[in-house]
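K.L.:
After the structure tokens below, expect a handful of questions from me.
Every read-out reported here was derived from the displayed coordinates using simple, explicitly stated rules and does not represent laboratory data. Nothing here was measured: the structure is a model prediction, and the numbers come from that model. Every residue, glycine as well, gets a Cβ built from its backbone with ideal geometry; the counts of neighbours run over all protein chains shown.
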Amino acid sequence: MRPRTVVMEITLLEAAHLADLVRQFRDLLGETPTSTPPADPALARLVPDAYADDAEASRQFRDLTAADLLARRDEDAQTVLADLPSVAPPDDENRSLQTMSIVLSPERVEAWLRTLAALRLVLASRLDIHSEDDHDDDDPRFGIYEWLGYRLEGLIQAADGAR
């Protein structure tokens, strides 16, 4: 992928909800143990076992890498939050559908990509998604999962220069 600046259009409502999701994600990162496998499957997805058949080697690897990995995820999430307006979801429907432009340098695009992908990993764990067939139309969280995928794909295409 060739580095490029991306201009992303997002509604004020989307921006407010995404900022809330990213803040929740940062809270989750603060709860993640770095030396033992997390009991929470969503947290485990963020610091997976490096060696499925060797618990001690996985623990040693996690001891060496988890803190740095989680710190980078937190830095990426902070970058995304810095790019989003700090407003509550607008009460007025017309205002909530107004769009704003977010200009992302190549480095910021990378942080956004990593954060959106990590959010999807956490949500997939929470929703017990293992394949694209795992979907519950009655659960609104699946809509959030799909929306994150839509935004992630759009950023990938924009960063790669696809139309």
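K.L.:
Report the FRET efficiency, 1/(1 + (r/R0)^6), for SER105 and ALA55, where r is their Cβ-Cβ distance and R0 is 45 Å, rounded to 0.05.
P.N.:
Taking R0 as 45 Å, the efficiency between SER105 and ALA55 is 0.65.
K.L.:
Please state the relative contact order of the chain as a whole percent: Cα pairs under 8 Å, 6+ residues apart?
P.N.:
Over the chain, the number comes to 37 percent.
K.L.:
A follow-up question, please. Can you give the helix-only mean residue ellipticity at 222 nm for the chain, where every DSSP H stretch with n ≥ 4 adds -39500 (n - 2.57) and the sum goes over all residues, rounded to the nearest 500 deg cm²/dmol?
P.N.:
-20500 deg cm²/dmol
K.L.:
Treating the angle as unsigned and between 0 and 90°, give the value, to the nearest 10°, between the Cα long axis of helix 140-160 and the longest Cα principal axis of the chain.
P.N.:
Long axis of 140-160 versus the principal axis of the chain: about 80 degrees.
K.L.:
Mind giving me the FRET efficiency for ARG72 and ASP138? R0 is 30 Å, r the Cβ-Cβ distance, nearest 0.05 is fine.
P.N.:
Taking R0 as 30 Å, the efficiency between ARG72 and ASP138 is 0.25.
K.L.:
Note down, for the chain, the three equivalent ellipsoid semi-axes (square root of 5 times each alpha carbon gyration tensor eigenvalue), biggest first, whole angstrom.
P.N.:
Largest first, the chain gives 29, 19, 16 Å.
K.L.:
What's the FRET efficiency of THR5 with ASP128 using the Cβ-Cβ distance as r and R₀ = 35 Å, to the nearest 0.05?
P.N.:
0.40
K.L.:
Binning at 10 Å from 0, report for region 111-163 what percent of all alpha-carbon pair distances ends up in each bin.
P.N.:
Each 10 Å bin holds this share of Cα pairs: 24, 50, 22, 3.
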